[in-house]
1. Need the full-extension length gain, residue 32 to residue 132, defined as separation in residues times 0.36 nm minus the C-alpha distance. One decimal, nm.
2. If you count, for each residue, the other Cβ atoms within 10 Å and average over each peptide, how do 86-97, 113-124 line up from highest to lowest?
3. So, R0 is 25 Å and r is the distance between the beta-carbons of residue 145 and residue 103; what FRET efficiency does that work out to, to 0.05?
4. Counting residues in the chain as N, plug N into 2.2 N^0.38 Å and put the Cα Rg over that result.
5. Quick one: work out the % antiparallel among DSSP beta bridges in the chain, nearest 5.
6. Could you tell me how many degrees, from 0 to 90 and to the nearest 10, lie between the Cα long axis of helix 2-16 and the main elongation axis, the longest principal axis, of the Cα atoms of the chain?
7. Give 66/92; 39/104; 39/128; 51/96 a once-over and call out the pairs whose C-alpha atoms are over 24 Å from each other.
8. Describe numerically, in nm with one decimal, the distance between label points set 7 Å from Cα along Cα→Cβ at residue 118 and at residue 66.
Amino acid sequence: MKKIILSAAALLLSVCCMAQEQLAFPFQGGKDIMTRFFKENLAASPEIIQKKATGTVIFKFTADIKGTITKIVIYYADDAVLVPPIIEALKKSNHKWIIPDHEKSNDFILAFSYSFNAPETQSAELRKAVYDYITNRKPIFSTDQIPLNLATLLPTVMINYDVQ
């Protein structure tokens, strides 16, 4: 009798168990298409190039069921000059985001990293420009707690540009 009850309990328990649900990548076409989209639609502005700006920007944004971005929050930015080109690129990505089933909206966390391709011979002028940028940059950071709720962390988008 014990074996029958134990077997029945194990059978009922196994019916209730589910494997982890496999989610599709949240950008139409997948990770490679998202990376290509941002490479094509995101370039360093003339101000970024002139200042030799480098650094990281982290955004949290919300997409609705149609893939439209409804809210953008800057979590962190090494400098305010790095932010405007990314916001413009994010606006161009409307209707490309895929949210998990049974949800009306989803939050995504996306990091961008700017760097420049250093020339083979580095001049004193380039070193001074980089030093000036680092000492004069104006970071944006959160001073309060940020609720993450259910957010999807996406891979970092790298932005490289050439300096003259």
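Please treat every number below as a calculation from the coordinates, not as lab data. Keep in mind that what you see is a predicted model, and the values were worked out from it rather than measured. Note: ideal-geometry Cβ built from the backbone for every residue, glycine included; neighbour counts use all protein chains shown.
1. Details: separation 100, 0.36 × 100 = 36.00 nm, distance 3.54 nm.
Full extension of this stretch gives 32.5 nm more.
2. Packing proxy ranking, top to bottom: 86-97, 113-124.
3. Numbers: r = 23 Å, r/R0 = 0.93.
So, using R0 = 25 Å, E works out to roughly 0.60.
4. 1.47
5. Restricted to the chain, the bridges split so that about 70 percent are antiparallel.
6. Computed tilt is about 40 degrees.
7. Values: 66/92 14 Å; 39/104 29 Å; 39/128 29 Å; 51/96 32 Å.
With Cα atoms farther than 24 Å apart: 39/104; 39/128; 51/96.
8. 4.8
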